[in-house]
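The values are calculated or read from the model by the stated rules, or taken from the named source; none is laboratory data. Quick caveat, the model's predicted, so the values are computed rather than measured. Here the Cβ is made from the backbone with ideal geometry for all residues, glycine too, and neighbour counts use every protein chain on show.
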Amino acid sequence: MRQVNDNNMPYFNQELVDLICTEKREHIKDTEDNNKATDQIHRVFQDSPYFNEVNRNTEKEDAISNTIKAICYSYFKLLDTLQLTDNQIQLDYFILNDLTDRFWKDVKNIHSYDKITTHRISGYLCYWICKLRPLSVIDQTILNKDNLSINVMNELLAVFCVIGRLNAHLIDSNSNKRIKISANFMNSLLYTLRYSPLNPELLSLIFTLLEETSQ
């Protein structure tokens with residue numbers, strides 16, 4: 001990954017990076033964020049061409065619903081961390097539906113010929129979030145040099161989701177290890193996700209090494 005040296009890129013200090021890494025974001029709590037995430041899911045299913053009564057598949061619906069819920073929750077936690085609101089940065093639920101469906105198609109395809117792992121799932125989820133970019137700026141007043149984090153909002157969302165999934169896996173495995181990222185690594189990762197060509201398998205390898213080197 002390239003070292004960050006770009007005036008248009010934000011620099012996240014270690015305190016903020018540690019905050020991003022602290023929660024098991026796959027598990028939704030009874031909070032305002034959970035209510036917003038649940039409402040977003042209802043909107044997705046209401047407008048989704050994949051979930052009509054004729055073609056309804058319960059197993060697929062549950063898998064996609066859980067993924068959408070995790071992404072929505074990470075979205076609201078990301079806004080909270082950066083002190084932004086959903087009136088400033090919008091999550092497009094049509095794109096969310098599309099990326100989630102494509103993600104699960106890839107997972108199903110991998111299952112047909114090879115072993116699927118948490119790191120592989122994380123790599124494919126990160127890839128589709130960064131590729132289809134479900135977040136967009138609504139409030140143009142935040143477009144200034146003091147809000148450079150909005151330049152990598154989609155990449156940050158992907159990292160939020162990945163860290164949550166990896167930490168959830170560690171907790172479910174009764175491991176005392178948690179994902180730990182240095183500020184330099186985080187900034188280089190965000191730059192790489194934003195500007196460099198990547199594929200899901202390479203991202204899977206990055207996340208495997210990230211977990212192995214975490215304490």
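Kindly indicate the residue of the range 68-81 that is buried (at least 20 other Cβ atoms within 10 Å of the Cβ) and out of contact with any Lys or Arg (no Cβ under 9 Å at 6 or more places or on another chain) and also farthest from Leu156 (Cα to Cα) among those meeting that condition.
Out of the qualifying residues, it is Ile68.
Which condition number does Glu201 fail, the rest of (1) under 18 Å from Thr67 (Cα atoms); (2) touching a residue at least 12 places away in the same chain (Cβ under 8 Å) being met?
So the condition that Glu201 fails would be (1).
Determine whether the range 133-143 contains at least one residue that is in a helix (DSSP H, G or I) and acidic (Asp, Glu).
Scanning the range 133-143 turns up no residue that is in a helix (DSSP H, G or I) and acidic (Asp, Glu).
Please count how many residues of the range 132-152 are of a type in the set (A, V, I, L, M), within 20 Å of Thr67 (Cβ to Cβ) and crowded, with 20+ Cβ neighbours inside 10 Å.
1
For the range 110-125, what are the residues that are buried (at least 17 other Cβ atoms within 10 Å of the Cβ) and assigned to a loop (DSSP other than H, G, I, E, B)?
Result: no residue meets the conditions.
Here are some residues: Glu201, Glu211. Which one is buried (at least 19 other Cβ atoms within 10 Å of the Cβ) and of a type outside the set (Lys, Arg)?
Only one candidate passes the filter, namely Glu211.
Given the residues Tyr113, Tyr127, Tyr195, Tyr191, which is the only one that is in contact with a helix residue (DSSP H, G or I) (Cβ under 9 Å, 6 or more places away or on another chain), of a type in the set (Phe, Trp, Tyr) and farther than 23 Å from Asn66 by Cβ?
Every option except Tyr191 fails the conditions.
For the range 145-193, what are the residues that are in a helix (DSSP H, G or I), among the charged types (D, E, K, R) and in contact (Cβ under 8 Å) with a residue 24 or more places away in the chain?
Of everything in the range 145-193, those that are in a helix (DSSP H, G or I), among the charged types (D, E, K, R) and in contact (Cβ under 8 Å) with a residue 24 or more places away in the chain turn out to be Glu155, Arg165.
Take Ile129 and decide whether it is touching a residue at least 24 places away in the same chain (Cβ under 8 Å), in contact with a Leu (Cβ under 9 Å, 6 or more places away or on another chain) and surrounded by fewer than 22 Cβ atoms within 10 Å (Cβ to Cβ).
Answer is no for this residue.
Which one is modelled with the lowest pLDDT, of the residues in the range 87-106 that are surrounded by fewer than 16 Cβ atoms within 10 Å (Cβ to Cβ) and more than 17 Å from Glu155 (Cα to Cα)?
Phe94
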